[in-house]
Amino acid sequence: MSTEFVFVNSTGIGKPRGPDRIRIRSRCMKGKNTREAIHPHVYKGAKYTLSARSLPKIPDHISEEQWRHDSPAADRLARPKSFPSVQTQAIRDDPDPSKSNELHFVYPKLNSRVLSDWSLLRLADDLNTDSYELLSTFLSYNATKQTTFQLEQCVDFDIVHDAHLPWLFQDKAFLHSTLLAVAALQDLRMKRPPSKTTLFHLKKTLGSLNHTLGTSWGHHADATIWIILTLAWLAAMFGDQAAAATHMTGLRRLVELRGGQEYLRQQPKQHFKLICLDLSWSMYSGSRPHFSDESTSWQSVIVGPLWTDHQSVKALTVTDLVGVRMATIYHDLQRIVGIINDGVDRGDPIKGDLFQPWLASVQNRLLLLECDPDNPMSEILRLGLLAFLSTTIQVPGGCMTYPSFASTYGRAWRAVEAPTPEHQLLLLWLLIVGAMSVLDVSEPWVKLGWTESALAGLAWEEARHRLEKVMWVNCIQDGLGRRAFAALSC
């Protein structure tokens, strides 16, 4: 033990102040607890290397003192200038939370008592005050869950599949990826480029992750997929498509190493977030899904009526409007939406292990179904259902943009005629869903289509009642729908 003495002030109440307790503990524990964390899974596997382009390098003007960690000089390049894939839309930002079911951030400042209590815990890495605040935000509000994956409000995923707290103490990469996610979402919500804090935790995450993947057990550590999933989502949100593609490829390889579809069936919550990422990536790039089961059956996965006793309106059927496969997919998703709404109304949400296989089957079939040139209604309905699913994925301060998908959506919508009331209602639903997700409501064809529609002169409540005949997730889409309706009606 060192023979040097350190003096602390006495407050006279028998307990040192928080900063003094940190100093005392630091002196007493010097040289202690230097062992490496023990990981439960030790297997062999091929190394997965992240692309260098996936790492926004640290700017030259930031000193080592600012970062409080050593950093190789070769890693310092310019920070990203923008995040073009995130677009602010007026219909996504409503200052009055009472008009929407969407959840909003609250970021508290921590007092010294809370910070001193954090200092008594041995996390996977040393943190500064700002990082403790980010961690407190994550644990108190679970901000990443509440703002991005909206369906988690309506589905009961087993709490066992959300027990990630121990990884904050065991896995350095997971700790920094968690702080990275909270810091990055703050940047997005404040409509600013990645902050120094965000870039710092990105660098630490990638460095620790590559170290983990260089071991024989890294590919099979439970935290690894969650870390790369976080990186992939953030790359997509900030417009780094090259990095997102790299992470997607790595995720697919890791899932294959863990057992493929059989592994995903045992992890419904992880599977849910992977297919959400798959949907977003496929809509942006036009590529085939990464996590689909190529042997997916085209038969219905749900047996039951097209509407339930709790639904206030009779569901619109499309058997006579589109092909058999498209009609089957549509009615399956319609049943799922009805079950979700019933569960929320009863206070007994659908279980994740039942919901996830249904959703995965519907999404895979939508992404794999080929366009029928002889039935334009089938194609626009396929695109509309994908856009409908995308409304359950929301980005703070903006929305994901899919330029190519939006262009295809517009051409397909304009190619369809509406000779019957059923056609007309379906096209109106498709226009509203498109305005909620992928379309620019200022485009002339969108305005013209709305002006000539039967909903243009109605109040929102009556219009919503008609939209429910197709499908509508009340707890998620009421706020988005109301704002899209208002924007179209201007």
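The values are calculated or read from the model by the stated rules, or taken from the named source; none is laboratory data. What you are looking at is a predicted structure, and each value in this text was computed from that prediction instead of being measured. Cβ placement follows ideal geometry from the backbone for every residue including glycine, while neighbour counts extend to all protein chains displayed.
Taken over the range 311-368, the criterion of being in contact (Cβ under 8 Å) with a residue 60 or more places away in the chain and basic (Lys, Arg) is satisfied by 314, 351, 365. Among the residues of the range 447-480, those that are among the hydrophobic types (A, V, I, L, M, F, W, C) and touching a residue at least 60 places away in the same chain (Cβ under 8 Å) comprise 470, 471, 472, 473, 475, 476, 480. Confirm whether residue 407 is without any contact (Cβ under 8 Å) to a residue 24 or more places away in the chain and polar (S, T, N, Q). The answer is yes for residue 407. For the range 372-407, name all the residues that are surrounded by fewer than 18 Cβ atoms within 10 Å (Cβ to Cβ) and more than 23 Å from the chain's Cα centre (by Cα). Passing the criteria: 372, 373, 374, 375, 407. For the range 166-216, the set of residues classified as in contact with a strand residue (DSSP E or B) (Cβ under 8 Å, 6 or more places away or on another chain) and surrounded by 17 or more Cβ atoms within 10 Å (Cβ to Cβ) consists of 188 only. Right, residue 442: assigned by TED's automatic domain parsing to the domain that holds residue 387, surrounded by fewer than 20 Cβ atoms within 10 Å (Cβ to Cβ) and closer than 13 Å to residue 487 by Cα or not? In short, yes. Of the helices (runs of 4 or more DSSP H) lying entirely inside the range 220-280, those containing at least 2 residues that are of a type in the set (Gly, Ala, Ser) and touching a residue at least 40 places away in the same chain (Cβ under 8 Å) are 222-237, 241-258. When we screen 176, 161 for residues that are within 23 Å of residue 273 (Cα to Cα), in contact with a Lys or Arg (Cβ under 8 Å, 6 or more places away or on another chain), in the same structural domain as residue 266 (by TED's automatic domain parsing) and modelled with pLDDT of 65 or more, the only hit is 176. The selection criterion, being within 20 Å of residue 329 (Cα to Cα) and surrounded by fewer than 20 Cβ atoms within 10 Å (Cβ to Cβ), does not hold for residue 462. Report the residue count in the range 392-436 for those that are within 25 Å of residue 373 (Cα to Cα), in a helix (DSSP H, G or I) and not β-branched (Val, Ile, Thr). Result for the range 392-436: 24.
Residues in the range 373-381: is at least one in contact (Cβ under 8 Å) with a residue 60 or more places away in the chain and touching a Phe, Trp or Tyr at 6+ places or on another chain (Cβ under 7 Å)? Yes - at least one qualifying residue is present in the range 373-381.
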